[in-house]
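These notes are about the structure you will find just below.
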Amino acid sequence: MNKVLVFLFCYLFFAPINAQVSEMMGFRDYRDIADAYFMKLKENAKFDISDIQGSPFLMEDFQMGYIVDTKSENKAQTYLRYDVYNDVFEIRLDPNSESLKTLKRTPRYKYKIGNETFILIESPDAINEEHYTSGNGYVVELTSPEAEAVLYKRYFKELKSGSKALTSYQQDVPPSIDSDSRYIIKFGDNYVRAEDHRKKILDAFPDHQKDMKKYIKDKGFKFRGTDREIQNEMIQVVRYYNSLQ
């Protein structure tokens, strides 16, 4: 990263950070989960944070990516890591640095990692989870934002409390963070969760259910297999719906 870009990056993105971090909603440091969140699940239960199986991050290591300012169209390259559990992006100019930065969660910024672009949407009904109730969240844009229906993918992490063995024949089940993904479709200003299921997916669409049902049957979509296979079928269904408009 050249000096001009570093200066631009710091000016555009880091300058407002200190004032904005306190405004971030839903953020909870991973190391605080044991003392903050888990204690609400189990009566004052505590555990060693190293006992948790799984990770709150989409990828544990920082990846080279871009932050895009949608107002100015400026783009800065940096190292990013997505904390899915807390729904925030961590930023490092140097992958070996111990210093972390985060930006205010706002629709103004897009994050690009690999072939995925993350944007922030606002929808309490489609976004809120048991441990996260900010009413907005990051999603991956999967289809054209200009179309009638827009498909998004939301990564999701859930903290499970685990359990203690009740007898000597059983083993303790350690606390874990499980990974999942969910789909959301935007119709105008409305966001609707879409089930990746050959019948339940039809509930997300306001019309054309008969045509959609036939299309899914003719294509032989089962919404099973790898995450990539399911995602591709979801994309094709939404694109077909848009072709009917």
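Every number in this text was worked out from the coordinates using simple rules, so none of it is lab data. Just so we're clear, the structure is a prediction, and the values are computed from it rather than from any experiment. Heads up, the Cβs are rebuilt from the backbone with ideal geometry, glycines too, and the neighbour counts pull from every protein chain shown.
Extending each Cα 7 Å along its Cβ direction at Ser55 and Arg108, get the distance between those two points in nm, one decimal.
3.0
Calculate the spin-label point distance for Glu130 paired with Arg224, positioning each point 7 Å from the Cα along the beta-carbon direction, and give it in nanometres.
Here the answer is 2.8 nm between the modelled labels.
Hey, could you pull the Cα Rg and Dmax for the stretch 205-245, both in Å?
According to the Cα coordinates of the stretch 205-245, Rg and Dmax are 10.3, 30 Å.
Would you grab the residues whose amide H sits under 5 Å from the one on Val84? Only those 5+ places off in sequence or on another chain, please, with H modelled 1.01 Å from N.
Phe57, Leu58
Tell me, what ³J(HN,Hα) does each residue in the stretch 159-166 have, in order and in whole Hz, if you take phi through Karplus 6.51 cos²θ - 1.76 cosθ + 1.60 with θ = phi - 60° and put x for Gly and Pro?
Listing the rounded values in order: 8, 9, 6, x, 7, 8, 5, 8 Hz.
Per residue of the stretch 229-245, what does 6.51 cos²θ - 1.76 cosθ + 1.60 with θ = phi - 60° give for ³J(HN,Hα)? Whole Hz please, x for Gly and Pro, Karplus curve as stated.
Couplings: 5, 5, 4, 4, 5, 4, 4, 5, 5, 5, 5, 5, 4, 5, 6, 8, 7 Hz.
Given H placed 1.01 Å from N in the peptide plane, which residues other than close sequence neighbours of Ser123 have an amide H under 5 Å from its amide H?
The list, which skips near neighbours in sequence, is Asn136, Gly137.
Using each residue's phi in the stretch 110-116, evaluate 6.51 cos²θ - 1.76 cosθ + 1.60 at θ = phi - 60° and report the 3J(HN,Hα) Karplus result to the nearest Hz, with x for Gly and Pro.
For the stretch 110-116, the Karplus curve yields 10, 10, 10, 10, x, 9, 10 Hz.
What is the spin-label model distance, in nm, from Ser72 to Leu93 if the labels are put 7 Å beyond Cα along the C-beta direction?
1.5
Can you list residues whose amide H is under 5 Å from Asn74's amide H, if they're 5+ apart or on another chain and H is modeled 1.01 Å from N?
Distant-sequence amide H within range of Asn74: Asp69.
At a Förster distance of 35 Å, what's the computed FRET efficiency of Asp207 paired with Glu122, Cβ-Cβ distance as r, to 0.05?
That pair, Asp207 with Glu122, gives E of 0.90.
Calculate the translational D of the stretch 70-133 in whole µm² s⁻¹ from Stokes-Einstein, where the hydrodynamic radius comes from the Kirkwood formula applied to all Cα pairs, the temperature is 4 °C and the viscosity 1.567 mPa s.
So the translational diffusion coefficient is about 97 µm²/s.
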